[in-house]
Amino acid sequence: MQEGKLLIFSAPSGAGKTTIVHHLLKKIPQLAFSVSATTREKRGNEIHGKDYYFITKEEFLHRIAQKEFVEFEEVYTDNFYGTLRSEIERLWAEGKHVIFDIDVEGGLHLKKKFGDRALAVFVQPPSLEVLIQRLRGRATDSEEKLNERISKAEKELAYANKFDTILPNHDLETACANAENLVSGFLAKK
Ligand code: ADP
Ligand code: 5GP
């Protein structure tokens, strides 16, 4: 099979990785998004098969047993997320490089597995306070879920140095332009 590269964008929830990844998908046609499987509930504007494969916990556990995941995690209590091997292979077969929006541990896991074929980018918010503001501004989570995300974010911010590159996300336009340069440079390398 034709094997492409992997572009991994990780960060605590609210740092801006989904926004940046969407921008890159619009700008760089060789990229395709790895749609993860999850057991969390669908948000209003999300589409099954585009944002996530929304599946039941039962189906998720079955797929773990069948060894269908390259990596998976219970990112939040009772909310499982995972990357399906079939998803990466499907996109490579289309001649694409695969881009991931994935949590910090999952991102490092993929980097370890794929080595030089992968670029692991940590999207860094200006501060924890700003991250919290962004999460609240997004208004997609209940207060309980929000608190879980905030306490996880505090721990995840400490992982930045384990990544190939840190991408600061202060001003969004600058971050998107820097992300484009990073990805184009990596794709151009032999
Ligand atoms: P993540 O995917 O890392 O959880 P999102 O991309 O959903 O984060 O961004 C969280 C919220 O912050 C969204 O409402 C998004 O519009 C906003 N946001 C992202 N980047 C910036 C930025 N540089 N400045 C201000 N708001 C931002
Ligand atoms: P959200 O619920 O906000 O869409 O995502 C919650 C967290 O799970 C985010 O940090 C997101 O990047 C991460 N995530 C999404 N898909 C995967 C995946 O396949 N594996 C792992 N480990 N994390 C994922």
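The values are calculated or read from the model by the stated rules, or taken from the named source; none is laboratory data. Quantities reported herein were computed from a predicted structural model and do not represent experimental measurements. Cβ coordinates were reconstructed from backbone atoms using ideal geometry, including for glycine residues, and neighbour counts include every protein chain displayed. With ligands, DNA and RNA removed, areas are computed over all heavy atoms of the protein, side chains included. Shrake-Rupley method; radii C 1.70, N 1.55, O 1.52, S 1.80 Å.
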Over segment 158-186, the set of residues part of a helix (DSSP H, G or I), within 14 Å of ligand 1 (Cβ to nearest atom) and either modelled with pLDDT under 95 or farther than 13 Å from F122 by Cα (or both) is L172, E173, T174, C176, A177
Of the residues in segment 88-127 that are of a type in the set (K, R) and free of Cβ contacts under 8 Å to residues at least 40 places away in the same chain, the one that is surrounded by the most Cβ atoms within 10 Å (Cβ to Cβ) is R90
Considering segment 1-31, residues that are away from ligand 2 (no atom under 13 Å from the Cβ) and touching a Phe, Trp or Tyr at 6+ places or on another chain (Cβ under 9 Å), and then whichever is modelled with the lowest pLDDT, we arrive at M1
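Of the residues that make up segment 68-75, is at least one within 16 Å of ligand 1 (Cβ to nearest atom) and out of contact with any Cys (no Cβ under 7 Å at 6 or more places or on another chain)?
Checked segment 68-75: at least one residue is within 16 Å of ligand 1 (Cβ to nearest atom) and out of contact with any Cys (no Cβ under 7 Å at 6 or more places or on another chain).
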Those residues of segment 111-133 which are within 17 Å of the chain's Cα centre (by Cα), in a helix (DSSP H, G or I) and within 15 Å of ligand 1 (Cβ to nearest atom) amount to L131
Could you say whether any residue in segment 35-53 is at pLDDT below 95, of a type in the set (D, E) and away from ligand 1 (no atom under 14 Å from the Cβ)? yes
Picking from K189, K155, the residue that is open to solvent by 60 Å² or more (accessible area, probe 1.4 Å), at pLDDT below 95 and under 19 Å from the mean Cα position of the chain (by Cα) would be K155
Of the residues in segment 32-46, those that are open to solvent by 40 Å² or more (accessible area, probe 1.4 Å), assigned to a loop (DSSP other than H, G, I, E, B) and closer than 13 Å to H22 by Cβ come to N45
Among the residues that make up segment 43-64, is at least one of them of a type outside the set (D, E, K, R), in contact (Cβ under 8 Å) with a residue 60 or more places away in the chain and in contact with a Gly (Cβ under 8 Å, 6 or more places away or on another chain)? no
- prompt: Being free of Cβ contacts under 8 Å to residues at least 60 places away in the same chain, in a helix (DSSP H, G or I) and surrounded by fewer than 15 Cβ atoms within 10 Å (Cβ to Cβ), is that true of even one residue in segment 79-87?
  reply: yes
